[in-house]
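Notes to accompany the following structure.
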Amino acid sequence: MAHAAPVSPLAPKTTPDVGPVEGVRFATAVAGIRYKGRTDVLLLALDAGTTVAGVFTKSKCPSAPVEWCRANLPGGLARGLVVNSGNANAFTGAKGRESTALTAKIAAKALGCAESEIFLASTGVIGEPLDATKYEGVLDETATRLAPLPWIDPARAIMTTDTFPKLATATAKIDGVSVTIAGIAKGAGMIAPDMATMLSFVFTDAPIDARALQALLSRGVTDSFNAVTIDGDTSTSDTLMLFATGAAEKRGAPRIAEGSDRRLASFRKVLTAVLADLAEQVARDGEGARKLVKIEVTGATSKRSARRIAMSIANSPLVKTAVAGEDANWGRIVMAVGKAGEPAERDRLSISFGGIRVAHEGARDPSYDEAQVSAYMKNDVIDIQVDIGLGNSSDRVMTCDLTKEYVAINGDYRS
């Protein structure tokens, strides 16, 4: 059912050609987790010495795989990753924990490593037990087909209600040596910060120790995945992991131990760009989305305040349905600013759509032209600018419109 939806009109026109990341191999398989005959499991193998970092949901009801990853993360090393779609293995109690342990045991045997070096992620329906015995034999066979390409296969294997696979790649330099960064993501609904509801896995051949890697990831997520919201709902399963194989050390890249190392300047910038690219693709695939909405708040008293105001606008069903109806209803923006609980003064507020100012200093802009703004609202990408007029801080977030299709997709989700 999940793959039957037409591709989002906001999908990128081309899929990036992601090259191999030395030290990373993968294969996909059909395990019958929920649907018959659909590719639903990804097995990914990492060379010995690969370091790992992770950021997970802040939900108080996390899935069993999230708990498994959190427990293994302090070890700092990874040899394998198993991801399944169709079943989130969340709210499954002791059975859920047993299934993660069995999955890791089967994967560790298939890859010849310790169970503590296996990381897991699951996406799909909440509350249904995951039968990990379905991996028996499947992961062993999958391990015989591991290859460094093509990345489109793992990107497709982790999709649920996504309408297109999400990939990104870039090259950075560490002390003059080129290193590769490649990532995949899934996510289309139940997406709000504190990790967006999604799974994302990013890989690099850079030689970066786990502690430094964690610092890079924790910083990079702030203005990428944590600046995206589809519907304000934070998933039980949100997982973003970064793996560094260290293979570039053979080409002269220095091993980096501290996240503050100046030699990471290029890598830090490029990693954030890759994360932002993947996050935007998630926003472009919001369930039922027809418009990508970018919200910029300026003139706030602090970045935190700007973020909260921007999220109040982005998560407002009234704002999102107005955008869906191509209605520049700035009154709904005023409402969302006012309810955010952050410093704001009505008579200092300015609101623009695509640079066309519609409201200023507590009233409709004197030069307001309904026809001009209505024409702008027909675009696929809508920019909303709000100036609070109280300070020098700003922030940007992304969302999408709220359409009838969103209701239809989520009304039918378990059928």
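Quick notes
- Taking a straight Cα-Cα cut-off under 20 Å and skipping sequence neighbours fewer than 8 places away in the same chain, the lysines within cross-link reach of residue 250 are 173.
- Fraction of accessible area attributable to carbon and sulfur, the chain (%, probe 1.4 Å): 51 percent
- For region 281-399, a/c is not less than 1.5, where a ≥ b ≥ c are the root eigenvalues of the C-alpha gyration tensor, and a/b does not top b/c. That puts it in the oblate class.
- Counting only protein heavy atoms and a 1.4 Å probe, the chain has 40 square angstrom of accessible area per residue.
- P(r) for region 210-363, from all Cα pairs and a bin width of 5 Å, is 1, 7, 15, 17, 15, 13, 10, 8, 6, 4, 2, 1, 0 %, short bins first.
- Scattering profile of region 156-296 at q = 0.21 Å⁻¹ [log10 I(q)/I(0), Debye over alpha-carbon scatterers]: -1.16
- For the pair residue 171 and residue 97, label points projected 7 Å from Cα toward Cβ lie 4.8 nm apart.
- Cα→Cβ-extended label distance, 7 Å offset, between residue 367 and residue 48, nm: 6.9 nm
- For region 109-232, dividing the convex hull volume of the Cα atoms by the residue count gives 157 Å³ per residue.
- Of every Cα-Cα pair in the chain, the percent that sits beyond 37 Å: 25 percent
- Cα gyration tensor category, rounded, prolate or oblate, for region 224-303 with a/c compared to 1.5: prolate
- Debye log10 I(q)/I(0) for region 1-80, one point scatterer per Cα, at q = 0.12 Å⁻¹: -0.61
- In this structure, the amide hydrogen of residue 31, modeled 1.01 Å from its nitrogen in the peptide plane, lies closer than 5 angstrom to those of 40, 41, counting only residues at least 5 positions away or on a different chain.
- For residue 358, the residues 5 or more places off, or on other chains, whose built amide H falls under 5 Å of its own are 351, 352, 353.
- Packing, taken as the mean count of other beta carbons within 10 Å per residue, orders the peptides 174-187, 155-168 from highest to lowest as 155-168, 174-187.
- For residue 166, distant residues with modelled amide H under 5 Å away: 185
- Rounded to whole Hz, the Karplus (6.51, -1.76, 1.60) HN-Hα couplings of region 16-31, x for glycine and proline: x, 8, 8, x, x, 10, 4, x, 10, 9, 7, 7, 10, 8, 9, 10
- Bridge orientation summary for the chain: considering DSSP beta bridges with both residues in this region, about 70 percent are antiparallel.
- Shape of region 339-400, Cα gyration tensor, a/c cut at 1.5: oblate
- Taking the average, over residues, of other Cβ atoms within 10 Å as the packing measure, peptides 7-14, 213-220 rank 213-220, 7-14 from highest down.
- Distance between modelled label sites at residue 125 and residue 327, nm, 7 Å Cα→Cβ extension: 3.7 nm
The values are calculated or read from the model by the stated rules, or taken from the named source; none is laboratory data. No experiment lies behind these values; they were computed from the predicted model shown. Please note: Cβ atoms are built from the backbone with ideal geometry, for glycine as well, and neighbour counts cover all protein chains shown. Just the protein is used for accessible areas: all its heavy atoms, side chains included, with ligands, DNA and RNA removed. Shrake-Rupley method; radii C 1.70, N 1.55, O 1.52, S 1.80 Å.
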